Every structure is written in structure tokens, then in C-alpha cells.
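Please treat every number below as a calculation from the coordinates, not as lab data. All values reported here derive from a predicted model rather than from experimental measurement. Counting neighbours? That spans all protein chains shown, and the Cβs are built from the backbone with ideal geometry, glycine included.
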Amino acid sequence: MAIRTYRDLEGFQEAYAAALDISKLAKTFPGFEQFELARQIRRAARSVPANIVEGWAKRNSTPEFKRYLQVAIGSCDEVKLWLEMSKDEGYASEETVNKLTDRFNRIGAMLAGLWKRWSSNG
């Protein structure tokens, strides 16, 4: 299938869906964490698809697109930190955290693969 827009990228599709799941999880955190941990994990999760979109807009410059993919990969790792903290704080179960961590590992791997394959020809 031809990639016509960022929506055609499997990494974007998965990152967007995962960000929505993180948002749902963060809404279950206690009220006093809504402006702290919940905000941080939502911001990091939303950063992944947002950076894919922003990079896509600059895809004619391979170095620029790859730079945004690197930022998105970094945000995947940041989400995993906040998930671990959520578990250790008692706001998320180990099962939930493991599933979401695996998901962000896969997203990061998808983006790393795209980063390696991307050329100025798209």
C-alpha cells in the first residue's frame, strides 16, 4: 500500500491509538496527580504521534523527517518511564503497565525501522 499521508504510517496509527489509551489510564489517577504525573504521561504519549505528523510535513528533507522520528522514539521511552512510575506509585497495575510498555516498545521499533528505511524518495 502506498504511503500518501502520515495516517498511512503504521507507526502513526499505533502511536495515536496508544496515546488515547494512555489518556484513559491517566484519567484514573488521583486528583492531586492530574496536574503532575497524569499530565506528564499524557504529554509524552501525545508527543509520539505529534512528532510523526510534524516530521511528515517536512519529509522532503530526509534529515528533518528523521530528526522528528528520533524525537518520537525518545517520547516512547519517556512514556515507559512514566508508566513505571505510575506502577510504583500504585496508580496502574503491573499487567496494564507491562501491556502498555510492550506497546510503546513496538511503536519505537516501528519508528526505528522507518527511520532506517526512509530516503528522500520516500
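Overall, the ratio between the Cα radius of gyration of the chain and 2.2 N^0.38 Å, rounded to two decimals, is 1.10. Taking the average, over residues, of other Cβ atoms within 10 Å as the packing measure, peptides 100-111, 27-38 rank 100-111, 27-38 from highest down. Taking the stretch 68-84 and a reference point 7 angstrom along Cα→Cβ of ALA112, the backbone N atoms nearer than 12 Å belong to 73-74, 77.
Ellipticity at 222 nm from helices only: DSSP H runs of n ≥ 4 in the chain, each -39500 (n - 2.57), divided by the residue count, give -25500 deg cm²/dmol. The phi torsions of the stretch 60-70, fed into the Karplus equation with coefficients 6.51, -1.76 and 1.60 and a -60° offset, translate into couplings of 5, 9, 3, x, 5, 4, 5, 5, 5, 5, 4 Hz, rounded to whole numbers, with Gly and Pro shown as x.
Charged neighbours of ILE3, selected by a Cβ distance under 12 Å, balance to +2 (K, R count +1; D, E count -1).
The average projected area of the stretch 13-76, computed from the convex hull of its Cα atoms over all directions, is 4.2 nm². Compactness of the stretch 57-106 was expressed as the Cα radius of gyration divided by 2.2 N^0.38 Å, which yields 1.48.
If only the Cβ of Lys and Arg carry +1 and only the Cβ of Asp and Glu carry -1, the dipole of the stretch 8-117 around its Cα centre is close to 480 debye. I want to check a number: in the chain, how many lysine pairs have alpha carbons closer than 21 Å, given a sequence separation of 8 or more or different chains? Taking the chain as the scope, the lysine pair count is 11.
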